Every structure is written in C-alpha cells, then in structure tokens.
Amino acid sequence: MADVTFRDFAGAVMRGDEPAAASVLEVLLGLPSDAAAAATSHFRTQMTSGDPTFMPKAMGLRTAVTSGSDAEIGALLAACFGLDEPAIASAVARLREKYPSS
C-alpha cells in the first residue's frame, strides 16, 4: 500500500468503507488484519456515539505523535482505537518510525 496517513483512515471511515480504513491501520499501526478491523470498528462506534470529547481526542493524536510522549500516544490509541498492550507498544513504535519526535 502506498504511503498512507490518518487522513486516509478518516476518509475511509467517513465513506463507510471499514475494510479500506482497516487496511490503512494495518500499515500505520502495524496491526494484524483482525486487530485493525476491530480498531476501525471501535473508532467508528466512538465517533458516532455522540460523545463530544471523542473527536478532540482523535485529532489530538497528530499532536501527540509529533510532540508528545509515548504514554500520551498510547493513551490516545487506547481511547480512539480500543488498543491494549502489547498492541499499544507495537503501534507506538511503528508511529515513532514513521513520525520521529521533533
């Protein structure tokens, strides 16, 4: 898959194309396909739940990835995608490879 971003993920979710969104998460977070599908479903459920705090958390992931700590990134991955250990540690490592700290 070409170089993908969270924008690609969000676009696929907004289109209702969960398989495409999950494919993006496989690449971005280094998740196996079943975990990426579950994370996508979790994200969509949270996004449509009406919780006004969800979208700011999701949007805060970009800031956390570029200037936050691994713990901040991990907390947002748990909240936004329902990840737990060891998937969080692996996803944080993958994100650090793609987006080194500034």
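Values quoted throughout were computed directly from the atomic coordinates according to the rules given, and no laboratory measurement underlies them. Since the model is a prediction, treat every value here as computed from it, not as a measurement. All Cβ positions, even for glycine, are placed from backbone atoms using ideal geometry, and neighbour counts span all protein chains on display.
Structure summary
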{"quantity": "Those residues of the range 37-63 which are surrounded by 14 or more Cβ atoms within 10 Å (Cβ to Cβ) and hydroxyl-bearing (S, T, Y), in sequence order", "calculated": "T40, S41"}
{"quantity": "Of residues in the range 11-31 being in a helix (DSSP H, G or I) and among the acidic types (D, E), the one surrounded by the fewest Cβ atoms within 10 Å (Cβ to Cβ)", "calculated": "E18"}
{"quantity": "Pairs where the first residue, in the range 78-93, is without any contact (Cβ under 8 Å) to a residue 12 or more places away in the chain and part of a helix (DSSP H, G or I) and the second is surrounded by 20 or more Cβ atoms within 10 Å (Cβ to Cβ) and not acidic (D, E), C-beta under 7 Å, 6+ apart", "calculated": "A78/I88"}
{"quantity": "Criterion: loosely packed, with under 12 Cβ neighbours inside 10 Å, part of a helix (DSSP H, G or I) and not basic (K, R) - qualifying residue of D34, D8", "calculated": "D34"}
{"quantity": "Single unsatisfied condition, K98 versus (1) touching a residue at least 60 places away in the same chain (Cβ under 8 Å); (2) over 15 Å from L25 (Cα atoms)", "calculated": "(2)"}
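Let's see how each residue does on (1) under 13 Å from the mean Cα position of the chain (by Cα); (2) at positive phi; (3) of a type in the set (D, E):
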residue: R15; (1), (2), (3): no, no, no
residue: A22; (1), (2), (3): yes, no, no
residue: L25; (1), (2), (3): yes, no, no
residue: S33; (1), (2), (3): no, no, no
residue: H42; (1), (2), (3): yes, no, no
residue: F81; (1), (2), (3): yes, no, no
residue: D84; (1), (2), (3): yes, no, yes
residue: P100; (1), (2), (3): no, no, no
